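These notes are about the structure you will find just below.
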Amino acid sequence: MNSKLKEILGKLVLPLLISGTVFGVFYFGGDAYKSFGLAAVDSTTNVLKYVLGVVAFLSLGILVNRIIRYVIFEGIIASTTGTQVPKLLKQISSLLIFFITVAACASVVFNQDLTILWAASGVAGLVLGMALRELLQDVFAGIALNIDHSVRLGDHVQIHRAGDDKILGKLLEVSWRSTHVRDLNGDVISFPNSKFSSYTITNFSMSDKSGRTTTVTIDGRVPTNRAIRILQSATLDALMEVCGRADHLPTVGIKAIKNDGIEYIVNFESDWKHLTEITWKVQQAIMLHLAKAGLKPAGHKSGDDKGADEGFVMPDTPRLIALLGATEIFHGLTDDDLQLLIEHSQFRFHPPGHVVAQSGEAGNELFLVLEGLLRTEGRAIGGRAARSNTYRPGDLFDGEASLLGMVHKTTVRAETQSLIYEISATGLHALFDRAPQALERVAENLNLIRAATDTVDEEASQQLLRQMRHMFPPRLNLVARS
């Protein structure tokens with residue numbers, strides 16, 4: 001016998017014993033109780049009769065009330081529906097049982113005509129109804145909310161009315177007068193039942209996901225497919241950060257064409273508990289992804305400077321130099337060195353799901369993410385985990401495979417439409433042939449990257465430098481040969 005059942009039986013035993021004992025006295029004793037030490041006092045006998053009658057009906061009423069409350073409401077209904085029965089329904093059932101008990105006691109014990117009682121209560125109810133009109137509105141509105149089942153205790157809801165701020169929270173209780181909601185800040189807000197029932201209520205617990213939108217205006221010189229690519233990957237980036245995963249790719253479309261640019265609308269889905277956070281997280285991610293691409297919302301109007309307009313179509317040379325110089329591998333190289341790399345590199349577009357680097361294949365290129373979002377999948381070769389399972393704009397990956405003549409250790413796949421900048425081995429040969437000090441600098445950077453995950457001693461550093469010089473021997477000019 002579990003503790004819950006013991007608790008219910010403990011609450012039923014006392015009223016059951018009292019009512020059973022008293023009714024047993026009435027049934028089996030007849031008038032015998034009257035002579036139990038009281039034969040000489042008739043008035044005392046009548047009093048005892050009334051007392052026992054009142055006790056019998058009250059104990060029976062308490063017993064029925066507890067059966068309905070603990071066995072039916074908290075036992076059968078709660079276990080069947082999986083939700084707690086509202087307190088208001090328990091209170092109404094208790095009130096009805098109380099009225100029935102009092103009426104039965106007045107009729108049976110005191111031999112009163114119930115017609116007079118109901119007539120008196122009707123007149124009193126009319127007077128009270130006119131005096132407590134608003135209170136009664138709240139009471140009946142609370143009853144309607146419980147009967148309608150549009151919201152249940154524990155549901156996560158949004159309450160709003162035209163012109164009012166929206167309130168998101170968890171429904172705690174529907175009492176006689178008010179409805180209590182705990183908002184996302186932890187504050188408990190009380191609404192009069194009549195007001196609450198008149199609001200527009202969105203019940204997030206009725207569905208797994210809730211859709212949200214945000215808008216951003218981007219300069220009209222930015223190609224539409226590029227803007228959509230950046231906005232989609234930024235939104236997905238925020239969703240994975242906050243929610244851990246996204247079942248569907250966000251959708252991006254054009255909402256309006258304005259004087260200062262194109263207004264895009266971004267649609268995405270999120271769990272109710274992330275709704276407040278996810279909106280500003282998406283906007284923050286959009287700003288970061290646009291900045292990595294050298295763009296910003298609602299830029300200046302188009303001018304006659306064609307050179308300035310090139311950066312809107314694709315990342316221009318200054319942007320590429322800034323992104324390459326910010327990576328760990330090429331940190332410390334001069335702009336001229338990076339310019340030489342750019343001359344031997346190219347843009348690559350990858351649709352969602354396309355494999356950019358395949359685990360086990362030779363690493364002939366370095367990949368700089370310009371726009372989009374990529375993820376590693378599967379286990380790394382050699383049992384070593386990848387440094388990151390997500391690549392965002394500005395990330396450079398598989399540098400070790402290209403610089404040391406190794407294979408790709410993980411498979412990298414595009415999550416969204418992605419723009420990748422591929423740096424070929426030809427560009428690396430040209431750079432190290434013209435600037436041998438650049439090879440030493442890159443080797444030093446690669447050594448620092450390795451030191452972040454493994455212990456690298458001086459001998460290992462020298463071995464790393466010799467391995468890179470073997471891959472890229474001095475005075476080798478592949479450009480001239482080609």
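The values are calculated or read from the model by the stated rules, or taken from the named source; none is laboratory data. Computed from a predicted structure; not experimentally measured. Here Cβ is always computed from backbone atoms with ideal geometry, including for glycine, and neighbour counts include all displayed protein chains.
Tabulated data for the structure shown
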quantity	calculated
Qualifying positions in segment 344-375 - modelled with pLDDT of 90 or more, exposed (fewer than 15 other Cβ atoms within 10 Å of the Cβ) and among the charged types (D, E, K, R)	none
Residue match in segment 283-305 (condition: polar (S, T, N, Q), more than 22 Å from ARG212 (Cα to Cα) and at pLDDT below 85)	yes
Every pair of residues 6+ apart whose Cβ atoms lie under 7 Å, when the first sits in segment 385-405 and is closer than 16 Å to LEU464 by Cβ while the second is β-branched (Val, Ile, Thr) and at pLDDT 85 or above	GLY399/ILE329; ALA401/VAL407; LEU403/VAL442
The listed residue being at pLDDT 90 or above and within 20 Å of the chain's Cα centre (by Cα), out of SER270, SER210, SER233	SER233
For GLY82: the one exception among (1) modelled with pLDDT of 65 or more; (2) at positive phi; (3) within 30 Å of the chain's Cα centre (by Cα)	(1)
Residues being crowded, with 18+ Cβ neighbours inside 10 Å and among the charged types (D, E, K, R) - total across segment 236-264	1
For SER233: the one exception among (1) surrounded by fewer than 22 Cβ atoms within 10 Å (Cβ to Cβ); (2) touching an Asp or Glu at 6+ places or on another chain (Cβ under 7 Å); (3) of a type in the set (S, T, N, Q)	(1)
Pairs with Cβ under 9 Å, 6+ apart, first in segment 194-206 and part of a helix (DSSP H, G or I), second surrounded by fewer than 16 Cβ atoms within 10 Å (Cβ to Cβ) and aliphatic (A, V, I, L, M)	SER197/ALA144
From the options LEU340, LEU333, residue that is surrounded by 16 or more Cβ atoms within 10 Å (Cβ to Cβ), at pLDDT below 90, more than 26 Å from MET287 (Cα to Cα) and out of contact with any strand residue (DSSP E or B) (no Cβ under 8 Å at 6 or more places or on another chain)	LEU340
Residue selected from segment 46-79 under the condition at pLDDT 70 or above and of a type in the set (S, T, N, Q), by the criterion nearest to ALA104 (Cα to Cα)	SER59
Residues being within 22 Å of the chain's Cα centre (by Cα) and among the charged types (D, E, K, R) - total across segment 167-194	4
The lone exception for ILE228 - which of (1) more than 18 Å from GLU371 (Cβ to Cβ); (2) at pLDDT 85 or above; (3) of a type in the set (A, V, I, L, M, F, W, C) it fails	(1)
Selected residue (criterion: nearest to LEU428 (Cα to Cα)) from residues of segment 395-408 that are among the acidic types (Asp, Glu) and in a loop (DSSP other than H, G, I, E, B)	ASP398
Top-ranked residue of segment 170-207 - restricted to ones that are out of contact with any strand residue (DSSP E or B) (no Cβ under 6 Å at 6 or more places or on another chain), under 23 Å from SER270 (Cβ atoms) and not aliphatic (A, V, I, L, M), ranked as modelled with the highest pLDDT	ASP187
